[in-house]
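Just so it is clear, none of the values below were taken in a lab; they were calculated from the coordinates. Note that this is a predicted model, so its numbers are computed, not measured. Positions of Cβ are generated from backbone atoms using ideal geometry, with glycine treated the same way; all protein chains shown enter the neighbour counts.
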Amino acid sequence: MNALAATSRNFKNAARILGLDAKIERSLLIPFREIKVECTIPKDDGSLVSYVGFRVQHDNARGPMKGGIRYHPEVDPDEVNALAQLMTWKTAVADIPYGGAKGGIGCTPRDLSLSELERLTRVFAQKIHDLIGTHTDVPAPDMGTNAQTMAWMLDEYSKFHGHSPAVVTGKPIDLGGSLGREAATGRGVVFGTEALLAEYGKSCKGLTFVIQGFGNVGSWAARLIHERGGKVIAVSDITGAVKNPNGLDIDELVKHKESTGSLLNFNGGDNMDPDEVLIHECDVLIPSALGGVLNRENASSVRAKFIVEAANHPTDPEADEILSKKGVIILPDIYANAGGVTVSYFEWVQNIQGFMWDEEKVNNELQRYMTKAFHNIKNMCKTYDCNLRMGAFTLGVNRVARATNLRGYEA
Ligand code: NAD
């Protein structure tokens with residue numbers, strides 16, 4: 001099932017549980033606006049190349065729309081649509097005053113030089129500058145884009161509208177980025193995991209963790225779990241997988257990855273088959289790489305007690321059912337990886353205030369938001385007798401539906 005079908009299915013289940021009026025349900029599903037633009041740039045050799053750029057603005061009932069911009073060959077309108085919708089529910093679950101959006105350009109960034117990427121980003125910004133803004137739609141980095149991409153977007157947007165640091169988040173610190181943003185998603189994953197484990201009288205200390213993906217999210221989650229006395233017993237990335245039943249030394253593993261470019265042949269562990277990682281016995285499994293990795297084929301072999309969805313959409317709906325029947329507790333993506341957008345919100349607040357917070361304040365506020373959201377989800381689970389995924393969806397959808405109703409429908 002693709003991301004759009006799975007997201008819409010979860011939304012419809014939540015709407016049914018909440019008893020939403022069919023007309024509101026329909027209006028919440030249809031995106032506010034879909035933008036598709038041609039982006040033609042001269043390549044470094046003087047030849048012209050054209051790409052298609054998208055921005056889907058899903059909903060703005062609770063505030064400016066918010067979501068990443070990805071540069072990836074498989075960016076397509078359906079996927080961007082699903083991800084924009086997910087952002088609407090995610091920002092509502094986190095209780096930050098935003099709606100949802102997502103965008104991207106169908107390109108292969110590693111095939112483009114830095115100057116070609118800059119031209120492409122500036123052309124895209126020129127095409128959409130009238131439709132984004134500090135109080136309209138605030139982009140951020142996503143797959144294939146980074147702080148530099150946001151710096152170019154900010155610069156191009158500012159040519160039309162004057163200096164506007166709050167128009168994008170995930171910026172370099174020198175241009176108004178927030179301290180703590182780089183680690184925020186991984187840190188939020190760990191705060192969410194701690195809130196979940198506390199429900200079972202447990203903490204990270206002494207428990208075993210397996211992490212798929214050792215990029216921004218996975219490596220920060222691993223570092224912070226290790227810091228708290230959790231044993232990260234297996235880790236994988238695109239280069240391979242490594243395990244140590246007594247716990248990997250994550251700081252050393254980060255250094256090894258930086259110096260060799262690979263997880264393999266690490267002194268403090270043994271290489272393992274990457275396909276075994278998701279079914280390795282552990283207390284907590286944290287998929288932090290791709291969507292759809294837990295599916296009909298492998299779900300029944302999963303031996304974790306808890307799954308924390310750091311990646312977007314790692315569990316397809318069939319796997320969700322199999323895992324639920326096995327009694328595996330899943331902390332859903334629309335909550336578990338909301339730390340990044342939450343600190344993006346803090347960045348936007350700091351830019352608007354013109355006042356920079358220290359990192360301790362950012363991390364403390366993030367913990368407060370993640371812990372509060374977890375308890376709000378649990379309350380929905382109690383009220384509607386549902387699992388954590390439906391608890392999160394009903395929480396998010398209900399907040400957006402309430403805001404929509406309060407604003408009214410008069411033309
Ligand atoms: P990243 O590009 O920094 O890291 C991705 C990691 O996944 C890399 O270590 C890569 O080697 C690994 N990977 C790729 N294919 C793999 C495979 N087949 N098997 C094992 N590992 C594989 O990306 P990221 O920013 O860490 O994002 C990871 C996930 O978290 C994505 O699903 C993303 O959408 C989601 N997410 C990220 C953020 C954020 O702030 N970065 C926020 C919310 C959600």
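Details
- Each listed q (0.07 Å⁻¹) maps to a log10 I(q)/I(0) for the chain from the Debye sum over equal C-alpha point scatterers, namely -0.32.
- Exposure proxy ranking, count of Cβ atoms within 10 Å, fewest first, for His226, His161: His161, His226
- Of the GluC sites (Glu not before Pro) found in the range 349-411, those in coil by DSSP whose Cβ has at most 12 other Cβ atoms within 10 Å are Glu410.
- Ranked list, fewest to most other Cβ atoms within 10 Å of each Cβ, for Tyr384, Tyr51, Tyr409: Tyr409, Tyr384, Tyr51
- Using θ = phi - 60° in the Karplus curve 6.51 cos²θ - 1.76 cosθ + 1.60, the 3J(HN,Hα) couplings for the range 307-313 round to 10, 10, 7, 6, 6, 7, 6 Hz; x is entered for Gly and Pro.
- Using C-alpha pairs under 8 Å with a sequence gap of at least 6, the mean separation divided by the residue count of the range 282-352 gives a relative contact order of 31 percent.
- Distance between the range 290-363 and the range 67-117 - C-alpha centres, whole angstrom: 16 Å
- Selected from Gly240, Gly53, Gly218 as most flexible by GNM, with the chain as the system and alpha-carbon contacts under 10 Å: Gly240
- The magnitude of the dipole of the range 184-336, with charges of +1 and -1 set on the Cβ of Lys/Arg and Asp/Glu and taken from the Cα centre, is near 420 debye.
- Under Stokes-Einstein, with the Kirkwood radius over Cα pairs as Rh, the value for the range 223-320 at 37 °C and 0.692 mPa s is 236 µm²/s.
- Cut-off under 5 Å, modelled amide H: who pairs with Val49 long-range: Ile41, Lys43
- Evaluated with a Cβ-only charge set (Lys, Arg +1; Asp, Glu -1), the range 81-160 carries a dipole of roughly 80 debye about its Cα centre, given to the nearest 20.
- Dividing the mean sequence gap of close Cα pairs (under 8 Å, 6+ apart) by how many residues the chain holds gives a relative contact order of 17 percent.
- For Ala311, distant residues with modelled amide H under 5 Å away: Ser288, Ala289
- Translational diffusion coefficient of the range 32-166 (Stokes-Einstein, Kirkwood radius from Cα pairs, 25 °C, 0.890 mPa s): 166 µm²/s.
- Placing +1 on each Lys and Arg Cβ and -1 on each Asp and Glu Cβ, with no other charges, gives the chain a dipole about its Cα centre of roughly 1320 debye.
- Classified by the C-alpha gyration tensor, the range 290-334 has an oblate form. Its axis ratio a/c, with a ≥ b ≥ c, is 1.5 or above, and a/b does not exceed b/c.
- The lysines within cross-link reach of Lys23, meaning a Cα-to-Cα straight distance under 17 Å and a gap of 8 or more places when in the same chain, are Lys12.
- Leading residue at positive end of dipole, the range 32-166 (Cβ point charges), from Leu48, Ser164, Ile105: Ser164
- When both the range 165-193 and the range 245-271 are represented by their alpha-carbon centers, they are found 26 Å apart.
- Unsatisfied cross-links (Cα-Cα over 24 Å) in the set Lys90/Lys378; Lys305/Lys361; Lys243/Lys325; Lys231/Lys325; Lys205/Lys305; Lys102/Lys257: Lys305/Lys361; Lys243/Lys325; Lys231/Lys325; Lys102/Lys257
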